[in-house]
1. Please go through the range 66-87 and give me each residue that is open to solvent by less than 20 Å² (accessible area, probe 1.4 Å) and within 17 Å of Val15 (Cα to Cα), ordered by number.
2. Here is a list of conditions, (1) assigned to a helix (DSSP H, G or I); (2) at pLDDT 85 or above, and Pro106 meets all of them except one; can you say which number that is?
3. Out of the residues in the range 1-23 that are among the basic types (Lys, Arg) and in a helix (DSSP H, G or I), state the one that is nearest to Gly37 (Cα to Cα).
4. Using the structure shown, decide if Arg27 is within 17 Å of Val80 (Cα to Cα) and among the charged types (D, E, K, R).
5. Kindly list, by first and then second residue, each pair from a residue in the range 53-65 that is over 17 Å from Leu103 (Cα atoms) to a residue that is open to solvent by 30 Å² or more (accessible area, probe 1.4 Å) and among the small types (Gly, Ala, Ser), limited to pairs with Cβ atoms under 7 Å and residues at least 6 apart or on different chains.
6. Are there any pairs, at least 6 apart or on different chains, whose C-beta atoms fall under 8 Å, with the first in the range 102-114 and within 14 Å of Val9 (Cβ to Cβ) and the second surrounded by fewer than 16 Cβ atoms within 10 Å (Cβ to Cβ) and among the small types (Gly, Ala, Ser), and if so, which?
7. For residues that are more than 13 Å from Met58 (Cβ to Cβ) and in contact with a helix residue (DSSP H, G or I) (Cβ under 9 Å, 6 or more places away or on another chain), scanning just the range 5-25, find the one that is modelled with the lowest pLDDT.
Amino acid sequence: MTTLRKILVVDDDPVVGRSFDRVLSKRGYAVVTAGDGAEALRKIAAEEYDVVFTDIRMPGMDGIAVAERIRDRQPWLPVVIVSGYATAENEARARAAGVSAVLHKPLSPQMIEDSARDALLRREADVRPAAQEAAAAALPAAADPLPAADAWSRNVARLPGFPVWAPFLGLLYVLVLPFAGLAALVAMPFWFAIRALARRSGRVGTWLRNVGLFLAAPVIGLVYVIALPFVGLGMLAWMGIKAVGGRVGAA
């Protein structure tokens, strides 16, 4: 079932309301009338409307004041000013009040139909971005693909020439890490065995520990001799990159 668009026509002349009803009811609109501004505001507070057409000159509150009240209470509701006495000053006030359009009497059926359609299109155009912003605000914030601890890595990746020298840095790690692993593999069994024997016996444990250290010392020394240059180069490279990354982050 299609929901009828509700149009509120505010005019102290009932003929105007009947004219709008005769034209718009054939196009699927439901037309409601109000004889003055106060009645119009009461109806707007009680029901929802899609468009408001209001005359300028009415007893009590004029049409521009009605538009200003609607703007303050329901800024999404389009208001169209209709008058046979519109002056440049009144039109300026109406535009400042945020009206969708100003129509001059006499109105033809085509003017009424076109103005209703245009006001609805403007309402939809204004409401859609607001709804999209509300939906976006309701979504959880997207997680940073790199945590804060990786800020330094991000800065390094932004350095000039990073794609060129990054492979050499990777090669350095590839060369150093096997020697470090070899040192661990060689030294750790000796270390755990010696500690276990030392707990079980006093002098025997001390003797075995000294023997183990004597046997492991050449291997460990060889590993250090081979690996230390690469480790030193890696440390220097890392310190240089960290310093440059600090400058980039500070900038």
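1. Of everything in the range 66-87, those that are open to solvent by less than 20 Å² (accessible area, probe 1.4 Å) and within 17 Å of Val15 (Cα to Cα) turn out to be Ile81, Val82, Ser83.
2. Only one criterion in (1) assigned to a helix (DSSP H, G or I); (2) at pLDDT 85 or above is unmet by Pro106, namely (1).
3. Going through the qualifying residues, I end up with Arg18.
4. Considered against the rule, which asks whether it is within 17 Å of Val80 (Cα to Cα) and among the charged types (D, E, K, R), Arg27 comes out as no.
5. Partner pairs satisfying both residue conditions: Gly60/Ala38; Met61/Ala38.
6. Within 8 Å, the pairs are Lys105/Gly84.
7. Per the stated criteria, the residue is Arg5.
Conditions (1) modelled with pLDDT of 95 or more; (2) within 37 Å of the chain's Cα centre (by Cα); (3) under 24 Å from Ala125 (Cα atoms), marked per residue:
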| site | (1), (2), (3) |
| --- | --- |
| Ala34 | yes, no, no |
| Ala40 | yes, no, no |
| Val51 | yes, yes, yes |
| Pro75 | no, yes, yes |
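The values are calculated or read from the model by the stated rules, or taken from the named source; none is laboratory data. Every value quoted in this text rests on a predicted model; they were computed, and no experiment measured them. Note that each Cβ is placed from the backbone with ideal geometry, even for glycine, and that neighbours are counted across all protein chains shown. Side chains included, ligands, DNA and RNA excluded: accessible areas come from the protein's heavy atoms. Shrake-Rupley method; radii C 1.70, N 1.55, O 1.52, S 1.80 Å.
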